[in-house]
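Peer 1: Structure in structure tokens, see below.
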Amino acid sequence: MLTRRQILFGSIATVGAGATSIISGADAANAYREGFAAAQKLAGSKLAKSKLTWHGKHQAGIESRAQAHTNFVALNILPNITADDMLRWMVLLTDNISTMCAGIPALADPQPDVFVGAANLSITVGFGPSLFKKLKLESNQPASFDAIPKFSIDELQSEYCDGDVLLHIAADDLQIMNHVTRTLISDSKSFAKMHWLQNGFTNAVGTVPEGVTQRNLMGQVDGTDNPELGTENFAQRVWIDDGPAWIVGGTQLALRRIRMNLNTWDLLGRTEKEAVIGRHLDTGAPLGKTNERDAIDFEAVDDRGLKVIPEFAHIRRAASQNLDEIFFRRPFNYQVLDASAGQLEAGLLWTAYARDLSKQYLPVQRRLAQFDLLNKWTTPIGSATFAIARGIDPGEIIAEELFS
Ligand code: HEM
């Protein structure tokens, strides 16, 4: 197999051959050094210098605070790509990812001046069910991993569905995140084409106090009832501990693009909005309680004998009915132009991470698709699943065992 060095130099040569003016390897190396030095001079802030640990048992970007900006990118492999080619691509990606997450521009970055630091950059790599089929690697899939079935509430648009390979890029600086996204896509072009890009956001660092649960664009505190980061409970719900070596320490991701009808939501009063979810808007506390993390009382009735948390309120329908139905949720807001309506379109890039989506997430999703007051104002328009490879130590290659 080619070494990482050969692949990297090979890719520089390919770029050079296609360009109108070809710069020599020495000139490229100088340009890189000068650009990097320029970026270092600008990297004045604590945020620019902030880094997440990327190497380790699990890939970064899941068991951590959500960064302000996120890009989910799905790519489809080019015809005739083989498992060997995938391994060569993973060598390149591993090098790029570990370098950039350490705050250094990727080797051969033509614009290193832009990369002023990591700003808590994370890049997470996963593989969709279609990749295993195309490469006949089904026997190496995690147990029961598959595409999400279509639900009656879904109005799916193919431009937001499926995908062979996922790159999830997140950082606390939009410019850095977009530069990294372009670098990764550009270095992937011999292997795959982009299928979709979905951009999401939450508050910037420092805008709200640390540890405060984020709000979605319906105004709700969103993400309260979730396994706590860094706990044994989180590990048991999320990190796979059995199966092919490349996935032990990895997880499964469900990504749903859920459009919100904010125009009709805006017309509701606060009490009606609170009844839809079953929580107070200001504090995020369950209805009838005071604090966000107070226990939910699903049996409580008001003085008319009606349930305080309505029968079809989102949290009642979503609440786990047994210990299997617990997973990690992380919502990212999105807002784009709906050109056909001349309006804004807003919603959530809604994610669930689980050891086994079929046992932990799907039963909840089926229940919500059947009845959930929230469905009146929300429509899933995108749907994809990815198996997220285990984390790696320095010297290892992402998903090496899968493609060897
Ligand atoms: C646009 C779509 C959605 C919105 C706006 C939304 C919003 C919320 C909010 C505000 C809460 C209460 C706070 C919290 O515990 O996080 C919540 C809880 C929850 N949601 Fe959603 N959600 C959406 C979609 C979904 C989907 C698709 C699922 C699963 C298939 C889901 C599963 C859950 C679960 C499991 C809880 C915790 C319930 C409990 O307290 O036990 N949500 N959601």
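The values are calculated or read from the model by the stated rules, or taken from the named source; none is laboratory data. Note that this is a predicted model, so its numbers are computed, not measured. Here the Cβ is made from the backbone with ideal geometry for all residues, glycine too, and neighbour counts use every protein chain on show. Please note that ligands, DNA and RNA were not included when accessible areas were found on the heavy atoms of the full protein model with its side chains. Shrake-Rupley method; radii C 1.70, N 1.55, O 1.52, S 1.80 Å.
Peer 1: Report yes if TRP246 is aromatic (Phe, Trp, Tyr), at pLDDT 95 or above, open to solvent by less than 50 Å² (accessible area, probe 1.4 Å) and more than 24 Å from VAL212 (Cβ to Cβ), otherwise no.
Peer 2: Details: aromatic (Phe, Trp, Tyr): yes; at pLDDT 95 or above: yes; open to solvent by less than 50 Å² (accessible area, probe 1.4 Å): yes; more than 24 Å from VAL212 (Cβ to Cβ): yes.
So TRP246 fits the description; yes.
Peer 1: What number goes with the only condition from (1) closer than 30 Å to LEU107 by Cβ; (2) in contact with a Leu (Cβ under 8 Å, 6 or more places away or on another chain); (3) surrounded by fewer than 22 Cβ atoms within 10 Å (Cβ to Cβ); (4) not assigned by TED's automatic domain parsing to the domain that holds LYS49 that ARG270 does not pass?
Peer 2: (1)
Peer 1: Looking at region 241-266, I want the residues that are more than 30 Å from ILE277 (Cα to Cα) and part of a strand (DSSP E or B) and have a partner that is open to solvent by less than 10 Å² (accessible area, probe 1.4 Å) and within 16 Å of the ligand (Cβ to nearest atom) with Cβ atoms under 7 Å, at least 6 apart or on another chain. Which pairs are those?
Peer 2: none
Peer 1: Now for a different question. Considering VAL125, VAL114, VAL180, which residue is over 30 Å from TRP377 (Cβ atoms) and either open to solvent by 40 Å² or more (accessible area, probe 1.4 Å) or more than 20 Å from the chain's Cα centre (by Cα) (or both)?
Peer 2: The conditions single out VAL114.
Peer 1: A further question follows. Is there any pair with a first residue in region 378-400 that is under 19 Å from VAL91 (Cβ atoms) and open to solvent by 20 Å² or more (accessible area, probe 1.4 Å) and a second that is more than 16 Å from the ligand (Cβ to nearest atom) and among the basic types (Lys, Arg) whose Cβ atoms are under 9 Å apart and which are 6 or more apart or on different chains, and what are they?
Peer 2: ARG390/LYS57; ASP393/LYS57; ILE397/ARG4
Peer 1: When region 1-50 is examined, which residues are found to be closer than 15 Å to VAL116 by Cβ, open to solvent by less than 90 Å² (accessible area, probe 1.4 Å) and at pLDDT below 80?
Peer 2: ALA43, GLY44 - these are the residues of region 1-50 that are closer than 15 Å to VAL116 by Cβ, open to solvent by less than 90 Å² (accessible area, probe 1.4 Å) and at pLDDT below 80.
Peer 1: Does any residue in region 361-372 that is under 12 Å from GLN321 (Cα atoms) come within less than 9 Å, Cβ to Cβ, of a residue that is part of a helix (DSSP H, G or I) and of a type outside the set (Lys, Arg) six or more places away or on a different chain, and which pairs are these?
Peer 2: VAL364/ALA318; ARG367/ALA318
Peer 1: Report, by residue number, each residue of region 191-228 that is part of a strand (DSSP E or B), aliphatic (A, V, I, L, M) and within 11 Å of the ligand (Cβ to nearest atom). Before the answer, list the steps.
Peer 2: Quick first cut of region 191-228, residues part of a strand (DSSP E or B) only: 192-201, 205, 208, 215, 221.
Among the residues that remain, those that are also aliphatic (A, V, I, L, M) are: 192, 194, 197, 205, 208, 221.
Answer for region 191-228, where residues must be part of a strand (DSSP E or B), aliphatic (A, V, I, L, M) and within 11 Å of the ligand (Cβ to nearest atom): just VAL221.
Peer 1: Condition test on ARG316, is it near the ligand (Cβ under 10 Å from one of its atoms), outside the structural domain of ALA170 (by TED's automatic domain parsing), modelled with pLDDT of 95 or more and not in a loop (DSSP other than H, G, I, E, B)?
Peer 2: So ARG316 fits the description; yes.
Peer 1: Exactly one of these conditions fails for VAL276: (1) assigned to a strand (DSSP E or B); (2) within 11 Å of the ligand (Cβ to nearest atom). Give me its number.
Peer 2: (1)
Peer 1: Moving on. Would region 206-225 turn up any residue that is in the same structural domain as SER50 (by TED's automatic domain parsing), touching a Phe, Trp or Tyr at 6+ places or on another chain (Cβ under 8 Å) and open to solvent by 20 Å² or more (accessible area, probe 1.4 Å)?
Peer 2: Let us first name the residues in region 206-225 that are in the same structural domain as SER50 (by TED's automatic domain parsing), namely 206-225.
Still in the running and touching a Phe, Trp or Tyr at 6+ places or on another chain (Cβ under 8 Å): 218.
Adding the requirement that they be open to solvent by 20 Å² or more (accessible area, probe 1.4 Å) leaves none.
Taking every residue of region 206-225 in turn, none turns out to be in the same structural domain as SER50 (by TED's automatic domain parsing), touching a Phe, Trp or Tyr at 6+ places or on another chain (Cβ under 8 Å) and open to solvent by 20 Å² or more (accessible area, probe 1.4 Å).
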